[in-house]
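Just below is one structure, and these are the notes that go with it.
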Amino acid sequence: MFIHRRRGWEIGQAEVTPEAVARGGFRGGLGRRSVGRLGLAACLLSVGYGQARAEDAAPEGKYPPGRALTPERDATTYNNYYEFGTSKAIASTAAGFPTSPWSVQIDGMVKQKRNVALDDLVKQMPVEERVYRHRCVEAWAMTVPWTGFPLAALMRLAEPDAGAKYVVFQTAEDRKRMPGLRQSWYPWPYVEALTIDEAANELAFLATGMYGKALPPQNGGPIRLLLPWKYGFKSAKAIVKISFTDTRPKTFWAEIGPDEYGFWANVNPDVPHPRWSQASERLLGTGEMVPTQIYNGYGPFVAQLYSDKKNEKLFM
Ligand SMILES: Nc1nc2c(c(=O)[nH]1)N[C@H]1C(S)=C(S)[C@@H](COP(=O)(O)O)O[C@H]1N2
Ligand SMILES: [Mo]
């Protein structure tokens, strides 16, 4: 049975969301059901002058982001999604992308390979909402309330073999709907990967919603990864396959530019990109520049993952 937890971005409110409504939102990555649930955050965001605006207050919660939410319109109209094109303005191109029905293939070194309907998958997952900071390697950043479930929960369902060392995420390759795929010099499909330990970390998250609504196509709907301690390119959108393997796979950006985009890609203000500094970041919405933090500020949760990997290029 689903239990509604207080969302961290419901600032100082002890509102109880009726269960039926909450459910709609959570299945919400999956269709029209979620429209009824614009959510308190959305209401707060539309509050005008004379009251504190929600985006001026830093939300609390399990992983407090320490800064205000990015206005929804900025987070949903400034995107990186090369399948739809290399500009930031791909939202209108992505708008017609069909996100339902959707299924995710789970294969490789698992007890039982399977193809799960996303609807059925979400019903089995402990859905919650989290506010995460997101840091793109291009030095812009945003703070977004996501709906979804821990990747660790999916791994419990998948039951990987003891010998599996990596989790690989393959994303949609829809030639009809994604004009960017015609740029044949890119190594499509977009693939990203994590070690099993990284994937099992409590912060690794699969999102099916944002701002209390279904995850829009431009942000990776119907299902995308979120790895808030890593540069954004690791957080693959529109996932169609999750495989378990004992070999480190080739990943999209590491293949395009191995000297600029590595496998680990952990955020570090002291390790510049070869062509620009990573010391600070520009917040979408306000344009404010703020200092970048090691592991994007999530070090207490993730730094131990790397204590035995000092010889790896952890930060690019
Ligand atoms: N399939 C796919 N996933 C992707 C990308 C992409 O081009 N294709 N871009 C990545 C990059 S570089 C970033 S910063 C984030 C951007 O997510 P957003 O558009 O929701 O801000 O998505 C990541 N996931
Ligand atoms: Mo990015």
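Derivation of every value follows stated rules applied to the coordinates shown; laboratory data play no part. No experiment lies behind these values; they were computed from the predicted model shown. Ideal geometry is used to build each Cβ from the backbone, glycine not excepted, and the neighbour counts take in all protein chains shown.
Computed values, structure above
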item: Strands (runs of 3 or more DSSP E) lying entirely in the range 80-136 (those with 1 or more residues that are within 16 Å of ligand 2 (Cβ to nearest atom), out of contact with any helix residue (DSSP H, G or I) (no Cβ under 8 Å at 6 or more places or on another chain) and in contact (Cβ under 8 Å) with a residue 40 or more places away in the chain); result: 128-135
item: Leading residue by the ranking (farthest from ligand 2 (Cβ to nearest atom)) among those in the range 234-251 that are surrounded by fewer than 21 Cβ atoms within 10 Å (Cβ to Cβ) and outside any loop (DSSP other than H, G, I, E, B); result: T245
item: Condition check for P228: surrounded by fewer than 24 Cβ atoms within 10 Å (Cβ to Cβ) and of a type outside the set (D, E); result: no
item: Residues being touching a helix residue (DSSP H, G or I) at 6+ places or on another chain (Cβ under 9 Å), farther than 30 Å from A158 by Cα and crowded, with 16+ Cβ neighbours inside 10 Å - total across the range 252-280; result: 2
item: Test: residue in the range 74-82 that is over 17 Å from G232 (Cα atoms) and hydrophobic (A, V, I, L, M, F, W, C); result: no
item: Cβ pairs under 9 Å, 6+ apart, first in the range 240-256 and of a type in the set (D, E), second assigned to a strand (DSSP E or B) and within 13 Å of ligand 1 (Cβ to nearest atom); result: E255/V191
item: Qualifying residue in the range 170-193 (condition: within 16 Å of ligand 2 (Cβ to nearest atom) and among the small types (G, A, S)); result: yes
item: Conditions (1) outside any helix (DSSP H, G or I); (2) within 15 Å of ligand 1 (Cβ to nearest atom); (3) buried (at least 19 other Cβ atoms within 10 Å of the Cβ); number of the one not met by T77; result: (3)
item: E198 being surrounded by fewer than 24 Cβ atoms within 10 Å (Cβ to Cβ), within 17 Å of G262 (Cβ to Cβ) and charged (D, E, K, R); result: yes
item: Selection within the range 260-269 - in a loop (DSSP other than H, G, I, E, B) and touching a residue at least 40 places away in the same chain (Cβ under 8 Å); result: E260, Y261, G262, F263, W264, A265, V267, N268
item: The range 178-198: number of residues that are within 14 Å of ligand 1 (Cβ to nearest atom) and in a loop (DSSP other than H, G, I, E, B); result: 7
